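For reference, the structure discussed in these notes is given below.
The values are calculated or read from the model by the stated rules, or taken from the named source; none is laboratory data. Because the structure is a prediction, the values reported are computed rather than measured. Reconstructed Cβ throughout: ideal geometry from the backbone, glycine too, with neighbour counts over all protein chains shown. Note: accessible area is taken over every heavy atom of the protein model, side chains too, but ligands, DNA and RNA are not part of it. Shrake-Rupley method; radii C 1.70, N 1.55, O 1.52, S 1.80 Å.
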Amino acid sequence: MATADECASACGGGSGRAHRTGGTAARLARVRAPLACAAAVACLSLSIHPAASGSQAAADAPRSGPPAADRGSLVLRADRLVLRGARFRGTATVRTATGTVRAVKLTVRSLDAVDLDLTAGRGRAALRLRARPATTATLKGQGAAGVVTLYVRKLSGRVTAVVGGPLPAHRAVAVTPDAVPRWLAHPAGRARTITLVSATVTQVVQRGGRLSVKGAQLKAAPR
């Protein structure tokens, strides 16, 4: 299994040797665990374990202290996104390489993404991970708590279902730290299952969980 440092180097971080020794093909060939590379660039708290039927990512041990995203960025797109057992936990300040940013804090039991399309990193280090068409990628909470914590800069899409609460009057949403809809932010709100279509998530930090992606394909993102 490739380490995070190895993956970051192979994806264009550090000295950038991969770009001087063969371009995209050589850079991708050097990565022993492609999903680990994407996760390292995106600063996901994941260790990747390739599997014949797909790929899985197991959560690292819990870490203390404020959330931090040391390099890169991550944008997740899905035709349909289902947040199961979702709870709004307020907003948080997240440390990045360029300073601090505010993010919406959510916890979920699991997240299902139909037709997952994930872009991780920026510039020459950017990679694009796509699941096999018409498949569902799943991120599930692990351990005693069984939850995944998400620090999200923006969550947008059209809400089509809310299990555990009424549908919002305005179905098209763009959730940010400065614009959290009342139906989501209500302090007495219980855990809900929220379904969005044409969803886009700009995510800073994710903690906990196990990711399963079927038929994952990894390539350099278009510049």
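At-a-glance table
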item: Flag for Ala185 being without any contact (Cβ under 8 Å) to a residue 40 or more places away in the chain, open to solvent by 30 Å² or more (accessible area, probe 1.4 Å), over 19 Å from the mean Cα position of the chain (by Cα) and within 17 Å of Gly90 (Cα to Cα); result: no
item: Residues satisfying the stated conditions in the stretch 72-111, i.e. buried (at least 16 other Cβ atoms within 10 Å of the Cβ), free of Cβ contacts under 8 Å to residues at least 60 places away in the same chain and on the phi > 0 side of the Ramachandran plot; result: Gly72
item: Among (1) more than 19 Å from the chain's Cα centre (by Cα); (2) surrounded by fewer than 16 Cβ atoms within 10 Å (Cβ to Cβ), the one test that Ala174 misses; result: (1)
item: Some residue of the stretch 192-199 being open to solvent by 20 Å² or more (accessible area, probe 1.4 Å), within 24 Å of Lys219 (Cα to Cα) and out of contact with any Leu (no Cβ under 6 Å at 6 or more places or on another chain); result: yes
item: Members of the stretch 181-199 found to be farther than 15 Å from Leu111 by Cβ and at pLDDT 95 or above, listed by number; result: Ser198
item: Residues (touching a residue at least 24 places away in the same chain (Cβ under 8 Å) and not in a strand (DSSP E or B)) located in the stretch 167-177; result: Pro177
item: Any hit, the stretch 93-105, residues being within 23 Å of Asp178 (Cα to Cα), of a type in the set (Val, Ile, Thr) and modelled with pLDDT of 95 or more; result: yes
